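All of the numbers you see were taken from the coordinates with simple rules; none came from a lab. Values in this document were obtained by computation on a predicted structure and should not be read as measured data. No Cβ is skipped: glycine too gets one built from the backbone with ideal geometry, and neighbour counts run over all protein chains shown.
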Amino acid sequence: MTDVFGVLAQNLPAAGTLANLYTVPPVDQGVSVSSVVFCNQSKTQQAQVRLSVAITGSPDDPSQYLFYDLVLQPRETRACVIGITLGTSDVVRAQSDTGQVSFSLFGVQIQA
């Protein structure tokens with residue numbers, strides 16, 4: 001099979017909700033995440049964002065966080081080149097305190 005390049009996931013989680021942004025499907029050998037983009041869509045309110053990786057979907061734990069309460073100003077977009085690899089069933093989770101931040105994850109799904 002051919003590896004698949006592109007958008008892995010996009011989400012706009014509700015305020016204060018740690019949402020599953022992306023779960024590596026069991027048919028893939030793994031995933032290489034090239035970048036993550038945070039976009040604060042509020043015109044007036046700053047936001048705090050969190051991003052974590054849970055190995056095989058394990059419960060939330062402080063050791064999993066890549067970003068924790070990163071502040072975004074109103075209408076700010078931040079793109080982070082991250083270069084992480086994920087295995088089958090690993091979960092990327094996202095959260096904002098306002099519910100007005102969209103998250104986009106880009107990379108490659110490595111096919112079996």
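For region 73-82, what does the Karplus curve 6.51 cos²θ - 1.76 cosθ + 1.60, with θ = phi - 60°, yield as ³J(HN,Hα) per residue in whole Hz, taken in order and with x for Gly and Pro?
6, x, 6, 8, 10, 10, 9, 10, 7, 10
Using a simple charge model, +1 on the beta-carbon of Lys and Arg, -1 on the beta-carbon of Asp and Glu, nothing else, what dipole does the chain show about its Cα centre, in debye to the nearest 20?
With only Lys, Arg, Asp and Glu charged at Cβ, the dipole is about 340 debye.
Taking neighbour counts of Cβ atoms within 10 Å as a proxy for exposure, in what order, fewest first, do Val91, Val81, Val33, Val4 appear?
Exposure proxy ranking, most exposed first: Val81, Val4, Val91, Val33.
Between Asp61 and Val7, what is the FRET efficiency for a Förster distance of 35 Å, r being their Cβ-Cβ separation, to the nearest 0.05?
Given R0 = 35 Å and the Cβ-Cβ separation, E is 0.80.
Between Ala47, Gly107, Gly57, whose Cα lies farthest towards the positive end of the dipole of the chain when Lys and Arg beta carbons carry +1 and Asp and Glu beta carbons carry -1, centred on the Cα centre?
Of the options given, the answer is Ala47.
Any idea what the relative contact order of the chain is, in percent, if you count C-alpha pairs under 8 Å spaced at least 6 apart?
Relative contact order comes out at 52 percent.
Tell me which residues come under 5 Å, amide H to amide H, from Gly99 once H is placed; ignore anything under 5 positions away on its chain.
Ala15, Gly16
Rounded to a whole number, what is D in µm²/s for the chain from Stokes-Einstein with the Kirkwood radius over alpha-carbon pairs (20 °C, 1.002 mPa s)?
Translational diffusion coefficient: 152 µm²/s.
Once phi is turned into θ = phi - 60°, what whole-Hz ³J(HN,Hα) does the Karplus curve with 6.51, -1.76 and 1.60 give for every residue of region 8-22, x standing for Gly and Pro?
Couplings: 7, 6, 9, 7, 10, x, 5, 4, x, 9, 7, 9, 5, 7, 7 Hz.
Taking amide H positions as placed 1.01 Å from N in the peptide plane, with prolines and chain starts having none, which residues 5 or more places from Gly30, or on another chain, fall under 5 Å of its amide H?
Distant-sequence amide H within range of Gly30: Ile110.
What is the order of Tyr22, Tyr68, fewest Cβ neighbours within 10 Å to most?
Tyr68, Tyr22
In what order do Arg50, Arg78 fall by count of nearby beta-carbon atoms within 10 Å, going from fewest to most?
Ascending Cβ contact count within 10 Å gives the list Arg78, Arg50.
How long are the three semi-axes of the equivalent ellipsoid for region 60-112, computed from the Cα gyration tensor as the root of 5 times each eigenvalue, in whole Å, largest first?
23, 15, 10
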